[in-house]
Every structure is written in structure tokens, then in C-alpha cells.
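No lab work stands behind these numbers, since they all come straight from the coordinates. No experiment lies behind these values; they were computed from the predicted model shown. Every residue, glycine as well, gets a Cβ built from its backbone with ideal geometry; the counts of neighbours run over all protein chains shown.
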Amino acid sequence: MTEDAKKQDQLLETTDCLEAIGTLKSNKNLFFFVCLICLLVLQGCFWLMATNHVELTPQEPNESKIDAAIKTIFTETASPNSVDSNDPNSKAADPNTNWQKYSEKLVGAKIGFNKIGWAIRICNYLLIISSIIYSMSMLFGLMISIVGRLGGISHITKAFFISLLFIVILMPWQALFRSVAIGAIFKPAELLASWQIYPDANVFSKTFIYLRFVALPVFAILLLLWAQLKSMRWAKNTLKRLGIVG
């Protein structure tokens, strides 16, 4: 009876650990993708500024330029007077002409900076919350591995400390320490101010702008991917220890 009771207790512990690991994996993966998508959106906002696709004036048109371009093209295409079929000297219209005009207008279309600003603010909020919960998921995984005596301790420990480093790189330290430290997160005003001085800046200042808005977020993305890779190895080793996978 004693051996049967021990086996039953071990089975219950294994089941509890498996359920906890499954929950942690789901939450961890969710917040990983949230952090990754937000960082990519921030990069997209910067490159929209860099490629001059952002309208810096506060007034916004009532109709987007893209929709206006599409309406203009289809109006010209559907016009009955575009080609006179009774005139022998008339030439057939080139069907690629209107689409060429459309592509030129589409390339020149710009997005209002207030929309970019809202995208940056939302991504900053999601990044701060998601990165903290992501790191806490790593910590809980480490505690489960220690208490349950599961495998993969080295992987989950490395993943936890990498996630902490990710938070350190991510946080907007410039809001607290001004010129002493900076983070991968930036405010809309910082992006706007940096890009307004970019045309007249020297080579050093331009290099710093790209390091600030491109290199630092890319480094944060690499840390995030590294932590996720380590956590995946931890989950695989843990399931092997529990006998779920071979």
C-alpha cells in the first residue's frame, strides 16, 4: 500500500507539473509574439519616417490620398470619352498608363504623424506589460523546475536572465535619466525631434540616430529570440523528463 501511495503521489505531481508547464508555455508564447510584433511595428514607424512617408503637418485630410488616387484612376478608366472609336486617327489608350499614375501616387502617399504617434504609444504600453509578464513566466518555470526536480534547469535559468536583460534594454531610461541612458522604447516626440534635425546633422549624429532607433531595437529582438529559444529547449527537456516525449 505504501508503494502504491507513493506511485500515486508521483503521478499527481507529474500531472500538476505538466499542467503548469502547459499553461506557462501558452502564456510565454503569447507574450513573446506580442513583444516581437510591437518591436517590428516600432521599426516600421521609424522607416516610414526615414522614407518620407509621414505627413508632419497637424491637419489631416478628410480622405486618404490612396483612396483618392484609386477613385481618380477608376474614373478615368470608366470615362466614355477616353477613346473615340469612330475616329480612325484615334489611338487606343495604353492600359498601363493609369496604373503607372496610380503607383506613383501610391508611392507618394503619406500617413499622418498623429497616427504614427498613437501606434508608438500603444506599442510602448504593450511592450512594457508583455516583457514583464514574459520574464515572470520564465521565473515561474524556473521555480517549477526546481520544486518538481525537472530537467532543463540551465536552459530556463539562462532564459530568465536573458529576459531580464531584454527588459533592461527595452525600458525607456531616457525618460528618467535624460542623457545618461536610453532604451529601445521611444516616444513619438523623440522620433519627431530626431528626424527634424536629421537633414542638418553631421555624420556622427546621423549614425547615432540609426544606432538609437534601429540597432538598439534589433539587439532587443535578438535577445528576445534568444530567450525564447532557451525556453523552448527547457520545455523540451522537461517533457522528456516527464516521459511525455522521447
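Overview of values
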read-out: FRET efficiency, Val214 to Met136 (Cβ-Cβ, R0 25 Å, nearest 0.05); value: 0.30
read-out: Cβ charges +1 (Lys, Arg) and -1 (Asp, Glu), total dipole of the stretch 105-246, debye; value: 400 debye
read-out: Stokes-Einstein D (µm²/s) once Rh is taken as the Kirkwood radius of the stretch 156-219 over alpha-carbon pairs, at 37 °C in 0.692 mPa s; value: 254 µm²/s
